[in-house]
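Asks: Sharing a structure below in structure tokens format, with a few things to ask.
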Amino acid sequence: MKKLLVFLFILLAAFITKAQVNVLQIDAVGGKTQINKNIYGQFAEHLGRCIYDGIWVGKDSPIPNVNGYRKDLLEALQALKVPVLRWPGGCFADTYHWKNGIGALNERPKIKNVFWGGTVEDNSFGTHEFLNLCELLGCDPYISANVGSGTVGEMVDWIEYMTSDDNVPMANLRKKNGREKPWNVKFIGIGNESWGCGGDMTPEFYADLMRQYSNYAKMYGGDKFDRIGCGSNGSDFNWTKVLMEKGRNNMDGLSLHYYTIAGEGWNNKSSATNFGEELYFNGLKKALYMDELVSRHSAIMDQYDKDKRVPLLVDEWGIWTDVEPGTNPGHLFQQNSMRDALIASSTLDILNRHCDRVKMANIAQIVNVLQSMILTKGNQMVLTPTYHVFKMYNVHQDAILLPSSLFTEKYKHGEDEIPAISSTTSVDKNGKIHVTISNVNPTKEIKLEINLSGKAITKINSATILTASAFNSVNTFEKPETIAPVAFKNAKKLGDSKLEVTIPGKSIVALELE
Ligand code: AHR
């Protein structure tokens, strides 16, 4: 029976390719791989107004707070179901000396944030504040240890402080500072961007250092957490090769960083809001490069680790634009448009498809920095279009990816083109099927036929759409609801296992089927 279904699936696929219609063919019973919830992870760095103002306002702030954390932000993030949060950087991590951030607030030293605008860092948000935040959010902590300017001793002290319940100096210090039980730290990053801001190392040098740090991380932490090796800068495939060759047995994950730049490059990233179709198209096309990157890094990893013991973690990604005019260039504060929502949905589709190797991703960053979920100003807060995508997509967390074939027309711009439609389908533990679909063509409405094989569709439980009047529309403090999900009416059942969905240009649709 199964063989017959596969045969029919292939036959139908061949027929559709010929007919050149927009069809999503889903195998409802052939799913095998779980979409790790951590693909929906977040990243918070001591950078600009991410930690201070964004997350932490302090207990005495007039801004409504819960023990110093912004109340509005906490509620918004709890609704988002953040699975994992990476901290304290980023580049900041390799200058961070954790003992500055514990103990009485008024005794914590003030330092200069050398990477990000020279801002004064008063260390009022430290280890306790971060790990308690993770507990409030119900997410797993991912700590980036300082390899660039720290020591192995400093790292193991930190590990002992956070995770040990023994009668040892660092665990006793934690207790003295008010926390009896250890926290449940799940991931320790062995450095960040060690090829750049984290020490400017060669892959060979870093691989040796990673083995040394990892060795002691394991000695002090056992199997409590996974040790994440610093991975490549985008397409530096040699970095991955060397790390896998020399260090695959010393790490439990390898990272990858890739940022989308819609403009010409790092020196001309282009505006977050003031752009036309050329930069809209470029942004989306550059984001799709994630697929090639993940495929090629995974292929290298497969050569050394065919059983996929070492996952790939895309622990920094997102669109990086010019900062908002009038803001500190070192603070990376940017607006977030409908284009960015489509970049998020298309990237999440790619990462979901690679869920056999990709087990975590952390969009940069959670609030007020780069492609953030949330923007704040004083006591005001705005949920960005990217926030809404993460919320619409959180149904895929820990669900089983369903195999699918997508036949899509192209969105053409000048001589260039990209697929117009992108999607993910998964089945959750209650048997509900979730289909998320993006149409990146800015103007053209597209009719998509959805066929399920192996299961009938009894009903469409819910249908939601996120769209905007223009691709550069944004949510502002004055008009925070310009882009927000609303009920979607254009999904209709055509038969037992067939749907027709009419998706407007530049929009994202989420369906729940049963
Ligand atoms: O996310 C901003 C910065 O981008 C991080 O600090 C660094 O790791 C990367 O280059």
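The values are calculated or read from the model by the stated rules, or taken from the named source; none is laboratory data. Just so it is clear, the model here is predicted, and its values are computed rather than measured. In this analysis, Cβ positions are derived from the backbone assuming ideal geometry, glycine residues included, and neighbour counts consider all displayed protein chains. To get the accessible areas, we keep the full protein, side chains included, count just its heavy atoms, and leave off ligands, DNA and RNA. Shrake-Rupley method; radii C 1.70, N 1.55, O 1.52, S 1.80 Å.
Asks: Arrange the peptides 292-299, 413-420 so that the one whose residues have, on average, the most other Cβ atoms within 10 Å appears first.
Replies: Highest mean packing first, the order is 292-299, 413-420.
Asks: Under a crude label model (7 Å from the Cα following the beta-carbon direction), how far is Glu481 from Lys81 in nanometres?
Replies: 2.4
Asks: Next up: Could you work out the helix-only [θ] at 222 nm for the chain, with each DSSP H run of four or more residues adding -39,500 (n - 2.57) and the total divided by the number of residues, to the nearest 500 deg cm²/dmol?
Replies: -9000 deg cm²/dmol
Asks: Share of antiparallel DSSP beta bridges in the chain, in percent to the nearest 5?
Replies: 60
Asks: Okay, next question. Determine the share of the chain's accessible area contributed by carbon and sulfur atoms, expressed in whole percent, with a 1.4 angstrom probe.
Replies: That share works out to 51 percent.
Asks: So for each of 310-318, 457-465 I average, over its residues, the number of other beta carbons within 10 Å; can you give me the resulting order with the highest mean first?
Replies: 310-318, 457-465
Asks: Arranged from highest to lowest average of other beta-carbon atoms within 10 Å per residue, in what order do the peptides 135-148, 230-243 appear?
Replies: Peptide ranking by packing, descending: 135-148, 230-243.
Asks: With charges only on Cβ, +1 for K and R and -1 for D and E, what is the dipole size of region 169-281 about its Cα centre, in debye, rounded to 20?
Replies: With Lys and Arg at +1 and Asp and Glu at -1, about 1020 debye.
Asks: Further, regarding this structure: Based on the Cβ-Cβ distance from Thr327 to Asp496, what FRET efficiency comes out when R0 is 41 Å, to the nearest 0.05?
Replies: Between Thr327 and Asp496 the formula returns 0.15.
Asks: Hey, if we sort Lys359, Lys32 by accessible area with the 1.4 Å probe, largest down, what's the order?
Replies: Lys32, Lys359
Asks: No partner Cβ under 4.7 angstrom, meaning no disulfide-compatible partner by this rule: which Cys of the chain qualify?
Replies: That list is Cys50, Cys134, Cys139, Cys230, Cys355.
Asks: With charges only on Cβ, +1 for K and R and -1 for D and E, what is the dipole size of the chain about its Cα centre, in debye, rounded to 20?
Replies: 1280
Asks: Spin-label point model (7 Å from Cα, Cβ direction): what's the Lys429 to Ser469 distance in nm?
Replies: 4.4
Asks: Answer with one residue from Ile228, Thr386, Ser270: the one whose Cα lies farthest towards the positive end of the charge dipole of the chain, charges on Cβ with Lys, Arg +1 and Asp, Glu -1.
Replies: Comparing the listed Cα positions along the dipole, Thr386 ranks first.
Asks: Taking the simple approach of a point 7 Å from Cα along Cα-to-Cβ for both Glu514 and Tyr289, what is their distance in nm?
Replies: Each label point lies 7 Å from its Cα, and together they span 4.4 nm.
Asks: Right, here's the next one. Kindly provide the Kirkwood hydrodynamic radius of the chain in Å, to one decimal, from all pairs of distinct alpha carbon atoms.
Replies: 23.6
Asks: Given a 1.4 angstrom probe, what's the average accessible area per residue across the chain, in square angstrom?
Replies: Roughly 40 Å² per residue, with all protein chains present.
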